[in-house]
Amino acid sequence: MAIVECTDVVKTYQQGKVDVRALRGVTLSIDTGGFVALAGPSGSGKTTLLNLIGGLDEPDSGHITVDGNPFDEMSQSRLAELRLNKIGFIFQAYNLIPVLSAVENVEYVMLLQGVGAGERRERARAILDEVGLSDMYNRRPAELSGGQQQRVAVARAIVSNPALVLADEPTANLDSKTGNGLLEMMAEMNRTKKVTFIFSTHDQRVMDYARRLIRIQDGRVAEDVDKAA
Amino acid sequence: MHFQLAWRNIWRNPRRTAVILIAVVIGVWSMVFLGALMVGVSDQMVRNSIATLTGSLQIHSPGYRADPVIDHSMDHPEEVISVLKKTLPVGAEWASRVRVHAVASNARHSSGVTLVGIDPAREAAVSFIGGAVDEGRYLDAEDPYGILVGRALLENYETRSGHKLVLMSEDAAGEIASRAFRIVGVYTAELAATEKQFVFVTKAAAQEMLGMGDAVSEIAVLLPNPTAGDDSAAALQSALPEQYAVHTWRELLPLVEAYLEINRKSVAIWYFVVFIAMGFGIVNTMLMAVYERIREFGLLKALGMKPGWIIRGVVTESLLLLMMGILAGNFLALSTVLIVARTGIDLSVFAAGAEFAGMPRVIYPVLKTEHVTAANLVVLVLGLIVSLYPAFKAARFTPVEALAHT
Ligand SMILES: Nc1ncnc2c1ncn2[C@@H]1O[C@H](COP(=O)(O)OP(=O)(O)O)[C@@H](O)[C@H]1O
Ligand SMILES: [Mg+2]
């Protein structure tokens, strides 16, 4: 079953008087449980596509459906609810709220979801244990390394069992060893928790972790390889 | 956790928070303290004025206020007094007086004064004079030649207790009447002008000197709550025959009433000024704090936070700042008021000017719950309202542009 469906998605940005055509008609379908890489050079439209799939921005034309929810029919506030409950985000950097500790950052999303205090803390600690940060609960982001911060971001993204996690170049700011560790952990979460991951990258080694590789070029799908098949 | 987050957020930039707190503290402090000073001045002025022969209300013949001469006396005060007894609330005091212009003279000096003929026992319960004599003695019921004069008058006349003072005035028949009195007591008043203006003799002595029989010029009433005269005045006016006019202290002292009004307005203007300054400070600082965190708000929106929650978060930060500032400001203001209330602020350096304005020599601040509440509410409510602006700004960043912001 498809968790994400994009049909003829077009997105154009205005930069001064110039139209920048970031996406020129993207159609793709991603199945539940996938571990999918969006690969392509810088400026090819990966971030734009991920933002659209996450409902952070609206396409100029085309349709997007996530977990059976067609975005064209949804208000901003319904989209926010969908993100809160169904979609986890991991950005390249600055994913965490600086004044909250690791465990509080993970808890915060659950607070917004209305999870009770006791359960929040318990689940936040359990997930931090799973991403290998059991002795870092109370550190603030500034006291964590880049890799550790991204692990907290992954923990936060998956703590409430979302349908989909969107990661925009999650390893771009990490050295390759740390980056590989993070990807292995994401792959592990994908296997054990059956959470769909879509991540973007322009790094060949990162692409190797994906079971499906979608190459984006100049705002179009240039190649789509399902390695499992 | 929302409060925790807000609390930590406001301490991300301690210097900025300190600046905002100081602004709120100074604002609240100045509002409460200045308000208390104004109330203190007003209260003292009203109390002095009421005690200086005005009372809560007065009854006259209708023509007396325009032309205070013997012809406008009340010939049958007993009929007024029987109405007073029936109409006034328990605890009210009254005193009838003869009050005419006169000339006082001795060998050295001569000047115009107000001759007040009083019933010594009743007068003591109504006006200041009963407690103001600090040299010699107060008047006795039978005291046909005793006179009380003010300290300042004594100095003008270069005389002292025991010496004579001659009073002259027009009598009931329109002839010049005069009588030599002996100074039996000297009083001090809040204002030197009062000391120079009023000389007191017994009512009987004045009536005899001026040949007016049992007539009196005015009847002053002091109510248990001295400043509340309106209801009793209305009740008296309707109970009394038409040839009597009843006036409250507000009507008798239009200048004091005008001054009180100015006082109230200046406090309101001060509140406004403080608030404008503080409001701009709050908006500015909160805007800076919000713009520094654009990325974070984008992140929160990406995580699924709705605009309303972001607004609530920013407003909570303002609320915490305002509450802290208000608490400290009140604490400071209460301490200052308590300290200053003990010593008072001595205005005698500027006494001439102050006295001209009818202000007391030493002012004592007085806290009124409604003023303190008003100052606090102004700061809190308006503070929260102005912080909505930065809060809405924060909520309006779209996640994409906010996340692109570094
Ligand atoms: N907010 C924006 N305003 C103008 N142009 C933009 C904006 N965001 C992206 N673009 C342009 O759209 C194209 C695709 O960008 P992006 O999706 O960020 O690519 P990628 O993530 O693959 O590097 C680029 O040419 C970029 O310059
Ligand atoms: Mg990108």
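Answer yes or no as to whether residue A:89 is closer than 18 Å to residue A:163 by Cα, within 16 Å of ligand 1 (Cβ to nearest atom) and in contact with a Gly (Cβ under 7 Å, 6 or more places away or on another chain). So residue A:89 passes the test.
For the range A:22-37, the condition holds for at least one residue, the condition being that it is within 14 Å of another protein chain (Cβ to nearest Cβ), within 13 Å of ligand 1 (Cβ to nearest atom) and surrounded by 14 or more Cβ atoms within 10 Å (Cβ to Cβ).
The criterion of at least 2 residues that are farther than 29 Å from residue B:47 by Cα and assigned by TED's automatic domain parsing to the domain that holds residue B:137 is met, among strands (runs of 3 or more DSSP E) falling completely within the range B:148-229, by B:164-170, B:176-187. Within the range A:7-21, being open to solvent by less than 80 Å² (accessible area, probe 1.4 Å) and not charged (D, E, K, R) holds for A:7, A:9, A:10, A:12, A:13, A:16, A:20. One residue stands out among those in the range A:151-199 that are within 14 Å of chain B (Cβ to nearest Cβ) and polar (S, T, N, Q): the one that is farthest from ligand 1 (Cβ to nearest atom), which is A:160.
Listed here are the residues, each with its yes/no results for (1) open to solvent by less than 60 Å² (accessible area, probe 1.4 Å); (2) more than 10 Å from chain B (Cβ to nearest Cβ); (3) of a type in the set (Asp, Glu).
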position	(1), (2), (3)
A:44	yes, yes, no
A:56	yes, no, no
A:66	yes, yes, no
A:102	yes, yes, no
A:122	no, yes, yes
A:131	yes, yes, no
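Evaluated against (1) assigned to a loop (DSSP other than H, G, I, E, B); (2) aliphatic (A, V, I, L, M); (3) open to solvent by 40 Å² or more (accessible area, probe 1.4 Å), residue A:221 falls short on exactly one condition, (1). Mind checking which pairs have a first residue in the range B:285-297 that is more than 14 Å from chain A (Cβ to nearest Cβ) and a second that is among the acidic types (Asp, Glu), Cβ under 9 Å, 6 or more apart or different chains? Partner pairs satisfying both residue conditions: B:286/B:317. Those residues that are among the hydrophobic types (A, V, I, L, M, F, W, C) and either open to solvent by 40 Å² or more (accessible area, probe 1.4 Å) or within 14 Å of another protein chain (Cβ to nearest Cβ) (or both), I need them from the range B:19-44; list them, please. Within the range B:19-44, B:19, B:22, B:23, B:26, B:29, B:34, B:38 meet the criteria. Only residues that are of a type in the set (A, V, I, L, M, F, W, C) and on the phi > 0 side of the Ramachandran plot were counted in the range B:16-65, giving 1. Restricting the range A:68-91 to residues that are surrounded by fewer than 16 Cβ atoms within 10 Å (Cβ to Cβ) and small (Gly, Ala, Ser) leaves a set whose member that is farthest from the other protein chains (Cβ to nearest Cβ) is A:68. Being more than 18 Å from the chain's Cα centre (by Cα), away from ligand 2 (no atom under 16 Å from the Cβ) and open to solvent by 50 Å² or more (accessible area, probe 1.4 Å) is a description that does not apply to residue A:188. Screening the range B:234-341 for helices (runs of 4 or more DSSP H) wholly inside it with 2 or more residues that are open to solvent by less than 20 Å² (accessible area, probe 1.4 Å) returns the ranges B:254-292, B:294-302. Considering (1) surrounded by 15 or more Cβ atoms within 10 Å (Cβ to Cβ); (2) closer than 23 Å to residue B:255 by Cβ, the lone condition that residue B:62 does not fulfil carries the number (1). Residues in the range B:315-336 that are among the aliphatic types (A, V, I, L, M) and either away from chain A (no Cβ under 14 Å) or touching a Leu at 6+ places or on another chain (Cβ under 7 Å) (or both): B:315, B:319, B:321, B:322, B:323, B:324, B:326, B:327, B:328, B:332, B:333, B:334. Residue count for the range A:191-218, restricted to those that are within 19 Å of the chain's Cα centre (by Cα), over 21 Å from residue A:1 (Cα atoms) and within 16 Å of ligand 2 (Cβ to nearest atom): 8.
Name the residue that is most open to solvent (accessible area, probe 1.4 Å), counting only residues in the range A:104-120 that are more than 11 Å from every other protein chain (Cβ to nearest Cβ) and at negative phi.
Per the stated criteria, the residue is A:119.
Picking from residues in the range A:204-218 that are surrounded by fewer than 17 Cβ atoms within 10 Å (Cβ to Cβ) and in a loop (DSSP other than H, G, I, E, B), the one that is farthest from ligand 1 (Cβ to nearest atom) is A:208. Output the residues belonging to the range A:12-53 that are small (Gly, Ala, Ser) and more than 15 Å from ligand 2 (Cβ to nearest atom). Result: A:16, A:25, A:29, A:33, A:34.
Scoring residue A:54 on the criteria (1) within 16 Å of ligand 1 (Cβ to nearest atom); (2) small (Gly, Ala, Ser); (3) on the phi > 0 side of the Ramachandran plot leaves a single failure, condition (3). Could you list, in sequence order, the residues of the range B:209-233 that are surrounded by fewer than 18 Cβ atoms within 10 Å (Cβ to Cβ) and acidic (Asp, Glu)? B:214, B:230, B:231 - these are the residues of the range B:209-233 that are surrounded by fewer than 18 Cβ atoms within 10 Å (Cβ to Cβ) and acidic (Asp, Glu).
Do we find that residue A:70 is within 13 Å of ligand 1 (Cβ to nearest atom) and not charged (D, E, K, R) in this structure? The answer is no for residue A:70.
The values are calculated or read from the model by the stated rules, or taken from the named source; none is laboratory data. For clarity, every value in this text was computed on a predicted model and none was experimentally measured. Cβ: placed from backbone, ideal geometry, glycine included. Neighbour counts: every protein chain shown. What goes into the accessible areas is simple: the full protein's heavy atoms, side chains included, and nothing from ligands, DNA or RNA. Shrake-Rupley method; radii C 1.70, N 1.55, O 1.52, S 1.80 Å.
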